[in-house]
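The structure appears below as structure tokens.
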Amino acid sequence: MQVSIETTSGLQRCMTIGVPAAEVEQKVTAELKKLAKGRRIDGFRPGKVPPAVIKRMFGQQARYEAIYQQMQQSFFQTVQEQGVKLAGMPSFEPVVNEDGKDLEFKATFEVYPEVVLGDFSTISVEQKTAAVTDEDMEKMVDTLRQQNTTWSETDAAAEDGDRVVIDFEGFVDGEAFDGGKASGHTLTLGSGSMIPGFEEAIVGFVAGDEKTIDVNFPEDYHKEELKGKPAQFKITVQKVEKGELPEMNETFFSSFGVETADEAEFRVEIRTNMERELKRALRTLTKQQVIDALVAGNEIDAPTPLVEREIDRLRQQAVKQFGGQMDASQLPAEIFKGQAEQRVKVGLLMSAAIEAADMKPSEEKVAELIEEIASTYQEPEQVREYYSTNAEQKAQVESLALEDQLIEKVLAAATVSVVETSYEDVIRSANANQAM
């Protein structure tokens, strides 16, 4: 078997393979027998059909099947023999495919990139640190109460903090614009969810009011055609609602899974959850910095087949977020391409670094991660048992443990500067990273 491999572009390779005619004909003959077996052909007894008749009837199909099988077999045999790191399935193209002649075909495919890791000591990381303060605690408790506000309709004028249900339509230069109209929109005054001046202008309105307000779109508004433009909004107030915060009692505490009537115990539990969330967020931010530095310092190409698979995964995730009400294939691939390429590069670099260091998941790290997961459940022992008896789920934790061990290894070599910040800043930054 004759083989040649050439680089066409980037990670793409073209392999040309020649297969002796005799080897191909053996497969064609075997395929003919398979196709003819058990067939009843008029004028001939079973098993007595002349080979020439069989070839005339099934020859084209038999050769097609045999050639495809031969190309697959020869290609994957060559890949194994030459140690080619195949990144996806190939496409085949017969070049010479005639009876009595050696088969020649081309296989086009992509390979994994060669990863040569840079020196970890050149990496700089700004490691944030923070603590949950009493003020953070009070803000969290207040937020939880705000989220459970009971609303009741009122005839009084709307005040800051009240909730209104409105219809509105916006105009710029006297013309309605896309996205500037809504009906039955619920808005909490003072929430800052609308453009500056909009919510403030509604203060003092009562149910049934129909008024036009003047506002300006901010200079950094996300729609280019509206940036800095003066606008008018026609507003109809359907109703005004006053809010009443829930009492700090057993009913309120139990809605967050805290079974106690003691407010102090509730606050201890909330603080514990906040500290757990802060620890996770700090680790996430540090990990992301290390990953970003690895990607920036190690330029590699992402194999197209891996990117396409990652795009499909991101599509499926997006569909789940939308409630599963659409076909994932309808989402344009371009939306996810950049994120998919980044994920593939990160995966390749992390795998290469772990392999280069010959790292194995630490039992202590795996136990620590499982304990962290278990601590968020009311029956932690059941969670521990679940991971100890479920090999697939434990393997996922082991993979996370390896990543954490790699991050620790990089940090040990990198230049690390510690920056003190706040709980709110850490959580906000971590949430922003997850949204990317």
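Since I235 meets every condition but one in (1) touching a Pro at 6+ places or on another chain (Cβ under 9 Å); (2) among the aliphatic types (A, V, I, L, M); (3) under 19 Å from R163 (Cβ atoms), which condition does it not meet?
Of everything listed in (1) touching a Pro at 6+ places or on another chain (Cβ under 9 Å); (2) among the aliphatic types (A, V, I, L, M); (3) under 19 Å from R163 (Cβ atoms), I235 misses just condition (1).
Would you check if there is a residue in segment 18-34 being outside any helix (DSSP H, G or I), touching a helix residue (DSSP H, G or I) at 6+ places or on another chain (Cβ under 9 Å), at pLDDT below 80 and surrounded by 14 or more Cβ atoms within 10 Å (Cβ to Cβ)?
No, segment 18-34 contains no residue that is outside any helix (DSSP H, G or I), touching a helix residue (DSSP H, G or I) at 6+ places or on another chain (Cβ under 9 Å), at pLDDT below 80 and surrounded by 14 or more Cβ atoms within 10 Å (Cβ to Cβ).
Among the residues of segment 258-285, which ones are open to solvent by 40 Å² or more (accessible area, probe 1.4 Å), touching a residue at least 40 places away in the same chain (Cβ under 8 Å) and more than 22 Å from D404 (Cβ to Cβ)?
Matches in segment 258-285: R267, R271.
Would a scan of segment 328-348 turn up a residue that is closer than 30 Å to F120 by Cα, open to solvent by 80 Å² or more (accessible area, probe 1.4 Å) and touching a residue at least 12 places away in the same chain (Cβ under 8 Å)?
Yes, segment 328-348 contains a residue that is closer than 30 Å to F120 by Cα, open to solvent by 80 Å² or more (accessible area, probe 1.4 Å) and touching a residue at least 12 places away in the same chain (Cβ under 8 Å).
Please work out which residue is nearest to the chain's Cα centre (by Cα), limiting yourself to segment 298-320 and to residues that are farther than 20 Å from V111 by Cβ and open to solvent by 90 Å² or more (accessible area, probe 1.4 Å).
Filtering first and then ranking leaves R313.
Somewhere in segment 352-367, is a residue more than 24 Å from V125 (Cα to Cα), without any contact (Cβ under 8 Å) to a residue 24 or more places away in the chain and surrounded by 14 or more Cβ atoms within 10 Å (Cβ to Cβ)?
So far as segment 352-367 goes, yes, one or more of its residues are more than 24 Å from V125 (Cα to Cα), without any contact (Cβ under 8 Å) to a residue 24 or more places away in the chain and surrounded by 14 or more Cβ atoms within 10 Å (Cβ to Cβ).
Can you confirm whether segment 103-124 contains a residue that is β-branched (V, I, T), open to solvent by 30 Å² or more (accessible area, probe 1.4 Å) and over 30 Å from I291 (Cα atoms)?
Checking segment 103-124: at least one residue is β-branched (V, I, T), open to solvent by 30 Å² or more (accessible area, probe 1.4 Å) and over 30 Å from I291 (Cα atoms).
Would you please name the residue that is surrounded by the fewest Cβ atoms within 10 Å (Cβ to Cβ), looking only at residues in segment 368-403 that are part of a helix (DSSP H, G or I), of a type in the set (G, A, S) and under 26 Å from the mean Cα position of the chain (by Cα)?
For segment 368-403, the residue satisfying everything is A391.
Might you check whether a residue that is farther than 30 Å from T143 by Cβ and touching a strand residue (DSSP E or B) at 6+ places or on another chain (Cβ under 6 Å) occurs anywhere in segment 198-205?
No, segment 198-205 contains no residue that is farther than 30 Å from T143 by Cβ and touching a strand residue (DSSP E or B) at 6+ places or on another chain (Cβ under 6 Å).
Exactly one condition in (1) among the hydroxyl-bearing types (S, T, Y); (2) under 30 Å from Y112 (Cβ atoms); (3) not in a helix (DSSP H, G or I) is not met by S329; state its number.
(3)
Determine if segment 119-135 includes at least one residue that is over 30 Å from S429 (Cα atoms) and out of contact with any Lys or Arg (no Cβ under 9 Å at 6 or more places or on another chain).
Checking segment 119-135: not a single residue is over 30 Å from S429 (Cα atoms) and out of contact with any Lys or Arg (no Cβ under 9 Å at 6 or more places or on another chain).
The values are calculated or read from the model by the stated rules, or taken from the named source; none is laboratory data. Worth saying up front: this structure is predicted, and the values here are computed from it rather than measured. Note: ideal-geometry Cβ built from the backbone for every residue, glycine included; neighbour counts use all protein chains shown. Remember, those area values only see protein heavy atoms, side chains included, never the ligands or the DNA or RNA. Shrake-Rupley method; radii C 1.70, N 1.55, O 1.52, S 1.80 Å.
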